[in-house]
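The structure appears below as structure tokens.
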Amino acid sequence: MSKLAALPSVEKLAASLATDTPLPRPLINLFVRQQIDHFRQLLLQDEEHTREDIENTTRTALQAFANSRLQPVINGTGVLIHTNLGRSPLGPRAASALQTIATGYSNLEFDLPSGTRGKRAGYLETALACLLETPAATAVNNCAAALVLTLRTLVQESKNEVIVSRSELVEIGGGFRIPEILETSGAKLVEVGATNKTHLHDYQKAITPQTALILKVHRSNFYIDGFIGEPEIPELAALAKEHQIPLIEDLGSGAMMDTDALAPIEHEPTPQECLKRGIDLVIFSGDKLLGGPQSGIIGGRADLVAQIKKEPFFRAVRCDKLILTTLQESIDQYLETKADPTQSDVPVIKFLRTSVATLRQRAENILKELSPENTTIAIAETTARPGGGTMPRSEFPSIALKLVPQNQSISKLAKKLRSATPAIVGYTTDEALFLDLRTIFPETDTTVIQSLKKHLS
Ligand SMILES: *Cc1c(COP(=O)(O)O)cnc(C)c1O
């Protein structure tokens, strides 16, 4: 027992740590108590640790815990829509609307002219439908929820078959797999075609009186090439219409403009295009290429949207005022800049459009400020990617700072920058640590300079 008594006390250890972390004291106490309990268990199993060892281990673990707190990150990965780094950043206009609505009362469900209860999201739904050039639209918390909701609405016990091409039974990421989504929605998956080819007659043969809908899933995070083929959307739409079966497309990224006009990347189908070709309902994310908040948008036939909104599950996935205000702002901005969408303040759109010459100039300006003793810094020609499960084939030229440390390993330097405030996340190769400037906000270049000055020595 004397050995146990020699363990550092929770309070003492917590007090010694409190200064280097911004964590609330009760959280530090809880964390340290768990660590001490852990060492106590080890001691009871005759595994002894020195007091110093315990203190150091606890300090490191607490620092890692403090770093896990949601905080800003400077994205030097060159991946524009980085799922792990929060996908699309909001533009200043949406952020400012968020600040206003979040900190006050609003007419969320209140009709100001009559002074009575009003319709939630009425304005947004009209604006969305206008932007999508379609009769009706609505929004829920994310694209996955939008798909589940749509399936739950349109699939009934007596009509539960959902036809999907074998080339579209995809995993989107984070455990989101089309066959499993169908299963949880009460749908029976009817696979048609082969991995590389699906013909119109494959769909035709699969239609039965039990068919609830035909689902198309955009191959957003992979591509197939070679001996491939699928029916054109208008052909498939005609078949669906003939049998009075809704044709739904999960589009994923939701580009609101021609991506190939912004950067040397491929064309990402827009919801507008899909609806024009005959899709009855499109479903896509609000926080990928659209550049809004996390949300799932559903647009298309008015009767289907109305049915979806009546489904009780809609209530479980409805947007809160914070999403509604940022999405409303994003959509209004697209409507206002319709003639020239490149004028929008959405950061990912700006990043896509930035020229390599501009990036190089910024890299040179940063380099001028730095003369570290123990690190070589150079300007490297790199490639950036849209990311976020969009356009897997699209890589386009970019510029990065290439850091080669002389007195520490590349991974150690990378970790140091990730643990800094603000955290800077790049990518490493055997050769160097790269910080791609395409995804770094120009306003934060001075922060990057300061941080590098501090951490490269
Ligand atoms: C990203 C994506 C989803 C999931 O979107 P969330 O907004 O993350 O729910 C669904 N389908 C496709 C095709 C996607 O690309």
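The values are calculated or read from the model by the stated rules, or taken from the named source; none is laboratory data. Values in this document were obtained by computation on a predicted structure and should not be read as measured data. Using ideal geometry, Cβ is built from the backbone for each residue, glycine included, and neighbour counts are taken over all protein chains shown. All accessible areas refer to the heavy atoms of the entire protein, side chains included, with ligands and DNA or RNA removed. Shrake-Rupley method; radii C 1.70, N 1.55, O 1.52, S 1.80 Å.
Please specify each residue of segment 290-306 satisfying the condition of being open to solvent by less than 10 Å² (accessible area, probe 1.4 Å) and either touching a strand residue (DSSP E or B) at 6+ places or on another chain (Cβ under 7 Å) or of a type in the set (D, E, K, R) (or both).
Selection gives SER295, GLY296, ILE297, ILE298, GLY299, GLY300, LEU304, VAL305.
Of the residues making up segment 172-183, those that are open to solvent by less than 40 Å² (accessible area, probe 1.4 Å) and more than 10 Å from the ligand (Cβ to nearest atom) number 1. The residue list PRO264, PRO234 contains one member that is touching a strand residue (DSSP E or B) at 6+ places or on another chain (Cβ under 8 Å), on the phi < 0 side of the Ramachandran plot and either open to solvent by 20 Å² or more (accessible area, probe 1.4 Å) or of a type outside the set (D, E, K, R) (or both), which is PRO264.
Before we move on, is LEU169 touching a residue at least 12 places away in the same chain (Cβ under 8 Å), open to solvent by 40 Å² or more (accessible area, probe 1.4 Å), away from the ligand (no atom under 16 Å from the Cβ) and not β-branched (Val, Ile, Thr)? It is false that LEU169 is touching a residue at least 12 places away in the same chain (Cβ under 8 Å), open to solvent by 40 Å² or more (accessible area, probe 1.4 Å), away from the ligand (no atom under 16 Å from the Cβ) and not β-branched (Val, Ile, Thr). Inspection of segment 276-285 identifies at least one residue that is farther than 17 Å from PRO246 by Cβ, of a type outside the set (Phe, Trp, Tyr), open to solvent by less than 10 Å² (accessible area, probe 1.4 Å) and within 12 Å of the ligand (Cβ to nearest atom). Against the test of being open to solvent by 30 Å² or more (accessible area, probe 1.4 Å), assigned to a helix (DSSP H, G or I) and not assigned by TED's automatic domain parsing to the domain that holds ASP287, the options THR358, THR383 yield a single qualifying residue, THR358.
Within the bounds of segment 211-218, is there any residue that is assigned by TED's automatic domain parsing to the domain that holds LEU247 and open to solvent by 50 Å² or more (accessible area, probe 1.4 Å)? Please lay out each step first, then the result.
Taking segment 211-218 first, the residues assigned by TED's automatic domain parsing to the domain that holds LEU247 are 211-218.
Subsequent filtering for residues that are open to solvent by 50 Å² or more (accessible area, probe 1.4 Å) retains none.
Checked segment 211-218: no residue is assigned by TED's automatic domain parsing to the domain that holds LEU247 and open to solvent by 50 Å² or more (accessible area, probe 1.4 Å).
Say whether the condition of being away from the ligand (no atom under 16 Å from the Cβ), under 19 Å from the mean Cα position of the chain (by Cα) and either closer than 30 Å to LEU327 by Cβ or part of a helix (DSSP H, G or I) (or both) is met by at least one residue in segment 240-258. The answer is yes, given that some residue of segment 240-258 is away from the ligand (no atom under 16 Å from the Cβ), under 19 Å from the mean Cα position of the chain (by Cα) and either closer than 30 Å to LEU327 by Cβ or part of a helix (DSSP H, G or I) (or both). Every condition in (1) surrounded by fewer than 23 Cβ atoms within 10 Å (Cβ to Cβ); (2) under 22 Å from PHE351 (Cβ atoms) holds for SER409 except the one numbered (2). In segment 43-54, the residues that are within 11 Å of LYS3 (Cα to Cα) reach residues that are surrounded by 10 or more Cβ atoms within 10 Å (Cβ to Cβ) with C-beta atoms within less than 6 angstrom, at least six apart or across chains, in these pairs: LEU43/LYS3; HIS49/PHE39; ARG51/PRO8. If the condition is being modelled with pLDDT of 95 or more, part of a helix (DSSP H, G or I) and within 23 Å of the chain's Cα centre (by Cα), then segment 418-457 contributes ARG418, LEU437, ARG438, THR439, PRO442, GLU443, THR444.
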